[in-house]
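Everything on this sheet refers to the single structure shown next.
The values are calculated or read from the model by the stated rules, or taken from the named source; none is laboratory data. Predicted model only: the values in this text are computed from it and were never measured. Every residue, glycine as well, gets a Cβ built from its backbone with ideal geometry; the counts of neighbours run over all protein chains shown. With ligands, DNA and RNA removed, areas are computed over all heavy atoms of the protein, side chains included. Shrake-Rupley method; radii C 1.70, N 1.55, O 1.52, S 1.80 Å.
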Amino acid sequence: MKKELSAIDAKYEAQKIAFGPMYFQAVVALRELGILQFISNNRKGVSIETIIEKTGVSEYSVTLLLEAAEVLGVVEVEDNIIKISKIGFFLLKDEMTRVNINFMNDVCYLGAKNMTESFKNGKPEGLKVLGGWPTIYEGLSVLPEPAKTSWFEFDHYYSDNAFPEALKIVFRNNPKLIFDVGGNTGKWSFACCKHDPNVRLKILDLPVQLKVAQANATERNLLDRISFHPIDLLDRSQEIPKGADVIWMSQFLDCFSKEQIIQILENACNAASENTTLYILEPFFDNQNFPAAHHSLVATSLYFTIMANGNSKMYRVEVMKDLARQAGFEIVETYPLIGDSYHTILECKKRD
């Protein structure tokens with residue numbers, strides 16, 4: 001957006017914000033009622049009458065939703081013929097957009113009304129629309145649908161694309177034992193086992209999450225190579241065990257405040273030897289190639305406020321480096337935007 005706006009343009013931009021929730025839900029309705037897909041299937045254009053007839057949606061509904069879609073630039077209207085626009089195409093076909101819309105609609109939308117209270121209290125006050133846990137992490141395995149599916153699709157979308165290149169980096173020195181800290185469903189550990197038939201993994205996470213990871217490992221016949229260590233890293237009395245060649249933290253530290261990150265990394269530093277390498281994988285919002293990624297990651301910080309834990313966020317790369325240094329690590333290498341992903345890897349060693 002231009003820094004200098006006329007009063008008319010500025011007022012228009014303000015209305016986009018004021019009515020943003022309505023227009024968002026209009027797009028969701030266009031998609032869920034099959035209207036947008038039907039228009040996309042008729043790339044040369046289709047009349048409103050045909051849309052009404054073929055979708056079985058009322059004239060009232062189709063008319064209102066198409067008026068909203070035209071305002072948003074989702075469709076183009078000329079001589080009563082409706083065509084899908086580039087924006088509409090991305091709303092339907094782009095995986096990042098699909099995942100983000102589902103996440104916002106199914107996980108965040110109802111809770112967003114509680115944002116002000118979340119900032120006041122430092123707690124995820126919006127989480128109560130999904131369940132009664134103090135943070136979302138205790139409830140991930142039992143989230144109601146469709147929130148559960150949308151949460152995990154969102155989480156995996158913003159990590160899985162980084163794995164192929166990350167595996168090359170992590171396995172350059174042939175680690176034999178990797179600690180997967182905050183291992184979630186076990187996807188990284190399973191990828192490691194597939195990459196190297198000799199490596200062993202230990203997944204460290206909350207007990208409720210380990211149940212899911214263990215069940216997934218059982219399905220893959222990997223219990224002989226993957227072990228599980230229940231731990232609450234916000235409890236200072238619970239220590240990360242020693243002995244790892246690699247300590248891996250994938251999209252984990254952004255789930256915590258700065259003070260908590262230092263505490264967790266100090267725990268990791270105490271567990272590390274001079275031969276241990278810590279890898280931090282994060283989508284730093286100030287280190288992105290495209291504005292869509294920056295926009296999405298900043299919005300994700302607000303999800304942390306209202307739904308996750310009330311005090312974490314997506315960080316700038318230099319902030320994370322500074323927190324690692326405060327915890328006793330030095331940054332020996334930075335791998336920016338690895339592979340086809342939004343992620344940077346920080347390679348860290350315990351400071352002498």
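Here is how the numbers come out for the structure above:
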quantity	calculated
Sole residue being polar (S, T, N, Q), open to solvent by less than 40 Å² (accessible area, probe 1.4 Å) and either farther than 27 Å from Thr97 by Cβ or outside any strand (DSSP E or B) (or both), chosen from Ser227, Ser301, Ser273, Ser237	Ser301
Residue in segment 110-143 that is nearest to Leu302 (Cα to Cα), counting only those that are touching a residue at least 12 places away in the same chain (Cβ under 8 Å) and among the aromatic types (Phe, Trp, Tyr)	Phe119
Total residues in segment 95-117, condition at pLDDT 95 or above and out of contact with any Leu (no Cβ under 9 Å at 6 or more places or on another chain)	11
Residue in segment 205-213 that is free of Cβ contacts under 8 Å to residues at least 60 places away in the same chain, in contact with a Pro (Cβ under 7 Å, 6 or more places away or on another chain) and open to solvent by less than 50 Å² (accessible area, probe 1.4 Å) present	yes
Tally of residues being more than 26 Å from Glu153 (Cβ to Cβ) and either in contact with a Pro (Cβ under 8 Å, 6 or more places away or on another chain) or among the charged types (D, E, K, R) (or both) across segment 214-229	3
Lone qualifier among Leu201, Leu206, Leu177 - being out of contact with any Leu (no Cβ under 8 Å at 6 or more places or on another chain) and either of a type in the set (A, V, I, L, M, F, W, C) or under 17 Å from Leu281 (Cα atoms) (or both)	Leu206
Matching residues in segment 2-30 - criterion: being among the hydroxyl-bearing types (Ser, Thr, Tyr) and either in contact (Cβ under 8 Å) with a residue 60 or more places away in the chain or not in a helix (DSSP H, G or I) (or both)	Ser6
Extreme residue, farthest from the chain's Cα centre (by Cα), among residues of segment 80-99 that are farther than 15 Å from Gln25 by Cβ and crowded, with 21+ Cβ neighbours inside 10 Å	Ile82
Some residue of segment 189-208 being in a helix (DSSP H, G or I), in contact with a strand residue (DSSP E or B) (Cβ under 8 Å, 6 or more places away or on another chain) and closer than 30 Å to Ala112 by Cβ	yes
Matching option when the condition is assigned to a helix (DSSP H, G or I), closer than 26 Å to Arg172 by Cα and of a type in the set (A, V, I, L, M, F, W, C), among Ala217, Ala244	Ala217
Where Gly183 falls short, out of the listed (1) assigned to a helix (DSSP H, G or I); (2) closer than 23 Å to Cys348 by Cα; (3) small (Gly, Ala, Ser)	(1)
Segment 159-204, residues that are in contact (Cβ under 8 Å) with a residue 40 or more places away in the chain, of a type in the set (S, T, N, Q) and surrounded by fewer than 19 Cβ atoms within 10 Å (Cβ to Cβ)	Asn161, Asn173
Qualifying residue in segment 8-16 (condition: surrounded by 15 or more Cβ atoms within 10 Å (Cβ to Cβ) and closer than 28 Å to Glu153 by Cβ)	no
Residue count for segment 42-79, restricted to those that are surrounded by 14 or more Cβ atoms within 10 Å (Cβ to Cβ), not in a helix (DSSP H, G or I) and not charged (D, E, K, R)	7
Condition check for Leu346: touching a residue at least 24 places away in the same chain (Cβ under 8 Å), surrounded by 15 or more Cβ atoms within 10 Å (Cβ to Cβ) and either over 22 Å from Leu297 (Cβ atoms) or in contact with a strand residue (DSSP E or B) (Cβ under 6 Å, 6 or more places away or on another chain) (or both)	yes
